[in-house]
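*Asks:* One structure, pasted below without further comment.
What follows is calculated from the coordinates using simple rules that are stated; it is not laboratory data. Because the structure is predicted, anything quoted here is derived from the model rather than measured. Here the Cβ positions follow ideal geometry from the backbone for every residue, glycine too, while neighbour counts run over all protein chains shown.
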Amino acid sequence: MPVFVSKFGGTSLSCADGFKNVFDIVRNNPDRRFIVLSAPGKRFNADTKITDLLIRCEETGRRADFTSIQQRFSDIAKEVGVSIENELDEAEENIFSGAGKACAASRGEYLSAKIFSKMSGFAFLDAKNAVFFHNGKIDEEKTKAALNAAFQVQKRIVMPGFYGADEHGKICLFPRGGSDTTGALAAFCIDADAYENWTDVDGVFRSDPALCPGQKPIDRLSYDETGRILDAGAAVLHPDCLYWARKKGTPIIVRNTFRPHLPGTRIGP
Ligand code: ASP
């Protein structure tokens, strides 16, 4: 049976309706068996991403700053019909007990994946036990072994993006926007048939669709062409994805969570 690793970005998960929509997309295709999630992003232009709120919380050390984060996750959880209170308490404890900036910043992805696991029945896999760093770089063999071991036991998995851990169990982060990289890495490690990157645009465009409306997304691209488009400033995909996709020729499919009927852009060798 084919396996897709499907990653959903922050704008796709900014509110409860976003989580419900993501669950519908996942349910729509039984091949979507390995899900990677970002932290809730902005709901409107002047909003702040959960990751930024978490970083601020850790910097100020003010428990009051955690209230809006707590509220946002509690509201989402309540609306999708699950409880996240224990996990929120645990995250608050982590942040204010000096676990460090990386741990604090990672809690948005952690809580997103916890909520999705509870609402979907997909097994929660903590990236801290499955994505391993050594001297700031991915330990490929260890990560491969851990992801495959987990996927052999659980046939449907949801894992937080953006972080992993070093050999001492300390949380390490990918660069900002790095949940994309987690998805591509997971697809490489478990030999997935495709890596779906679900975002808030219809695919990859020749130029910024916000500045040049009316264009159609490109149907197919090579890794090299995509690399050049990303180098020119397109923010549709984290460029580090290409490294992991290239290694085995995994197709990357960029699709719009808000217009899931569209085919998106297919990127390959
Ligand atoms: N939440 C992280 C960020 O804001 C990672 C991601 O969304 O991919 O950068």
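*Asks:* Does at least one position in the stretch 195-203 carry a residue that is closer than 29 Å to residue 103 by Cβ, within 16 Å of the ligand (Cβ to nearest atom) and among the aliphatic types (A, V, I, L, M)?
*Replies:* No: the stretch 195-203 contains no residue that is closer than 29 Å to residue 103 by Cβ, within 16 Å of the ligand (Cβ to nearest atom) and among the aliphatic types (A, V, I, L, M).
Residues checked against (1) in contact with a helix residue (DSSP H, G or I) (Cβ under 6 Å, 6 or more places away or on another chain); (2) of a type in the set (A, V, I, L, M):
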position	(1), (2)
57	yes, no
64	no, yes
68	no, no
80	yes, yes
97	no, no
104	yes, yes
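*Asks:* Between 209, 217, which is farther than 24 Å from residue 188 by Cα and touching a residue at least 40 places away in the same chain (Cβ under 8 Å)?
*Replies:* 217
*Asks:* Taking into account only those residues within the stretch 107-132 that are among the small types (Gly, Ala, Ser), under 23 Å from residue 144 (Cα atoms) and more than 13 Å from the chain's Cα centre (by Cα), which is farthest from the ligand (Cβ to nearest atom)?
*Replies:* 123
*Asks:* Of everything in the stretch 148-182 that's near the ligand (Cβ under 9 Å from one of its atoms) and outside any loop (DSSP other than H, G, I, E, B), which residue is surrounded by the fewest Cβ atoms within 10 Å (Cβ to Cβ)?
*Replies:* Result: 173.
*Asks:* Would you check if residue 112 is hydroxyl-bearing (Ser, Thr, Tyr) and closer than 25 Å to residue 188 by Cα?
*Replies:* Yes; evaluated as a whole, the condition is true for this residue.
*Asks:* If you check residue 18 against the conditions, is it loosely packed, with under 12 Cβ neighbours inside 10 Å and farther than 24 Å from residue 185 by Cα?
*Replies:* The answer is no for residue 18.
*Asks:* Residues that are part of a strand (DSSP E or B), more than 16 Å from the ligand (Cβ to nearest atom), of a type in the set (Lys, Arg) and over 21 Å from residue 13 (Cα atoms): does the stretch 211-222 have at least one?
*Replies:* yes
*Asks:* Here's something else I'd like to know. Give all pairs with beta carbons closer than 7 Å in which a residue from the stretch 168-187 that is β-branched (Val, Ile, Thr) meets a residue that is within 13 Å of the ligand (Cβ to nearest atom) and part of a helix (DSSP H, G or I); count only pairs at least 6 apart in sequence or on separate chains.
*Replies:* Listed pairs, sorted by first residue: 171/102; 171/106; 181/240; 181/241; 182/127.
*Asks:* Restricting attention to the stretch 82-95, which residues are surrounded by fewer than 16 Cβ atoms within 10 Å (Cβ to Cβ) and touching a helix residue (DSSP H, G or I) at 6+ places or on another chain (Cβ under 8 Å)?
*Replies:* Matches in the stretch 82-95: 83, 85.
*Asks:* Looking at (1) over 17 Å from the mean Cα position of the chain (by Cα); (2) surrounded by fewer than 18 Cβ atoms within 10 Å (Cβ to Cβ); (3) aliphatic (A, V, I, L, M); (4) under 21 Å from residue 156 (Cα atoms), find the lone condition where residue 77 falls short.
*Replies:* Here residue 77 meets the rest and fails (2).
*Asks:* Let me ask something else about it. Within the stretch 43-56, work out how many residues are of a type in the set (Lys, Arg) and near the ligand (Cβ under 10 Å from one of its atoms).
*Replies:* Counting residues in the stretch 43-56 that are of a type in the set (Lys, Arg) and near the ligand (Cβ under 10 Å from one of its atoms) gives 1.
*Asks:* Got at least one residue in the stretch 243-252 being in contact with a helix residue (DSSP H, G or I) (Cβ under 7 Å, 6 or more places away or on another chain) and β-branched (Val, Ile, Thr)?
*Replies:* yes
*Asks:* Within the stretch 37-57, how many residues are surrounded by 18 or more Cβ atoms within 10 Å (Cβ to Cβ), out of contact with any Leu (no Cβ under 9 Å at 6 or more places or on another chain) and either among the hydroxyl-bearing types (Ser, Thr, Tyr) or under 29 Å from residue 190 (Cα atoms) (or both)?
*Replies:* Residues flagged as surrounded by 18 or more Cβ atoms within 10 Å (Cβ to Cβ), out of contact with any Leu (no Cβ under 9 Å at 6 or more places or on another chain) and either among the hydroxyl-bearing types (Ser, Thr, Tyr) or under 29 Å from residue 190 (Cα atoms) (or both) within the stretch 37-57 amount to 1.
*Asks:* Give me the residue from the stretch 42-69 that is of a type in the set (Asp, Glu) and without any contact (Cβ under 8 Å) to a residue 24 or more places away in the chain and, out of that set, nearest to residue 105 (Cα to Cα).
*Replies:* The selected residue is 52.
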